[in-house]
Structure formats: C-alpha cells, structure tokens
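Undergrad: After the structure tokens below, expect a handful of questions from me.
The values are calculated or read from the model by the stated rules, or taken from the named source; none is laboratory data. The shown structure was predicted, so the numbers you read here are calculated from the model rather than taken from an experiment. For neighbour counting, all protein chains shown are included, and Cβ atoms are generated from backbone atoms with ideal geometry for every residue, glycine included. When the accessible area is computed, the model is the full protein with side chains, heavy atoms only, and any ligands, DNA or RNA have been set aside. Shrake-Rupley method; radii C 1.70, N 1.55, O 1.52, S 1.80 Å.
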Amino acid sequence: MQKVDFRYSDTDFVSYLLSVGYKHTSIEITKDHKDRPKAFVHFYEDKTELLNRLVEYKESSVKIDPLSFSANRRSINKLIKAEILKYKSTNI
C-alpha cells in the first residue's frame with residue numbers, strides 16, 4: 001500500500017469518492033489556460049485503490065446512493081466556491 005496525493009478537478013468523481021467514504025485533504029485553486037480559476041480537490045490515499053476507483057467510475061460500473069452523491073456534490077461545490085473567492089481576493 002502506497003499512499004499518494006491525488007488531485008481531481010472532476011466534481012462528479014470527487015462527489016463519488018466522498019460518497020464512498022473518502023475524505024479530501026485540501027482544495028487547490030489554479031488558473032486554467034483561459035486565465036480562469038480551476039479547482040482541484042486533493043486526496044491522500046492508496047494509489048492502487050484510487051486508480052481502481054477511477055477506472056470503475058469511468059466504466060460506469062459503480063453503484064452509489066443518489067441522495068449521498070447529491071449532498072456531497074452540493075457540499076464540495078460550496079467549498080470550491082469559497083476557495084475560489086479566497087483565491088480571487090488574494091490574487092487581484
């Protein structure tokens with residue numbers, strides 16, 4: 001088992017990870033190629049496990065509780081928006 005820092009910008013995948021019990025460690029805001037804020041959610045977890053989750057997710061072979069997924073998506077979107085506001089206020 002090798003724990004690594006993974007970062008994802010796909011909020012649906014992040015919501016899925018949160019729904020199955022993973023905890024994010026941080027949210028990073030950068031600029032994209034059009035100079036707009038872009039958010040990455042970091043997870044410090046087992047490399048193989050996260051890669052397997054990503055493959056399963058992309059192959060649409062995962063089953064999740066829709067209420068949990070929806071609640072986690074709303075929650076992570078609020079956190080991302082707050083981080084973007086902080087980023088904009090310090091990087092004017």
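Undergrad: What number, in percent, do you get for the relative contact order of segment 1-91 if the mean sequence gap of Cα pairs under 8 Å and at least 6 apart is divided by its residue count? Before the final figure, lay out the partial values.
TA: Values: 103 pairs, mean separation 34.2, N = 91.
For segment 1-91, the relative contact order is 38 percent.
Undergrad: Give me the net charge of residue 42's neighbourhood, meaning all other residues with Cβ under 9 Å from the Cβ of residue 42; Lys, Arg count +1, Asp, Glu -1. Don't skip to the end; give the middle numbers.
TA: Numbers: positive: 7; negative: 5, 28.
Overall, the nearby charge balance is -1.
Undergrad: Moving to a separate point now. For the chain, just run the numbers: alpha carbon Rg, then divide by 2.2 N^0.38 Å, N being how many residues it has. The partial results should precede the final answer.
TA: Details: Rg = 14.0 Å, N = 92, 2.2 N^0.38 = 12.3 Å.
Taking N as the residue count of the chain, the ratio is 1.14.
Undergrad: In terms of modelled amide H atoms, which long-range or inter-chain residues lie less than 5 Å from the amide H of residue 25?
TA: 42, 43, 44
Undergrad: I would also like to ask the following. Suppose all protein chains stay in the model; what accessible area per residue would a 1.4 Å probe give for the chain, in Å²?
TA: Values: 6280 Å² over 92 residues.
It amounts to 68 Å² per residue over the chain.
Undergrad: Once both labels are modelled 7 Å past Cα along the beta-carbon direction, what's the residue 71-residue 42 spacing in nm?
TA: 2.7 nm
Undergrad: Treat each spin label as a single point 7 Å out from the Cα along the C-beta direction, and report the residue 10 to residue 63 distance in nm.
TA: Placing both labels 7 Å beyond Cα along the Cβ direction yields 2.1 nm.
Undergrad: Quick one: putting +1 on the C-beta of Lys and Arg, -1 on the C-beta of Asp and Glu, what dipole do you get for the chain around its Cα centre, in Debye to the nearest 20? Working shown, then result.
TA: On the way: 17 positive and 13 negative charges, 91 e Å.
Computed charge dipole of the chain: roughly 440 debye.
Undergrad: Suppose we take every Cα in segment 1-50 and form the convex hull; what volume per residue is that in Å³?
TA: Values: hull volume 3.8 nm³, N = 50.
Per-residue hull volume (Cα only) is 75 Å³.
Undergrad: Quick one: with all protein chains in place, what share of the accessible area of segment 23-92 is carbon or sulfur, to the nearest percent (1.4 Å probe)? Intermediate values should be presented prior to the final figure.
TA: Values: 2770 of 5190 Å².
Carbon plus sulfur share of accessible area: 53 percent.
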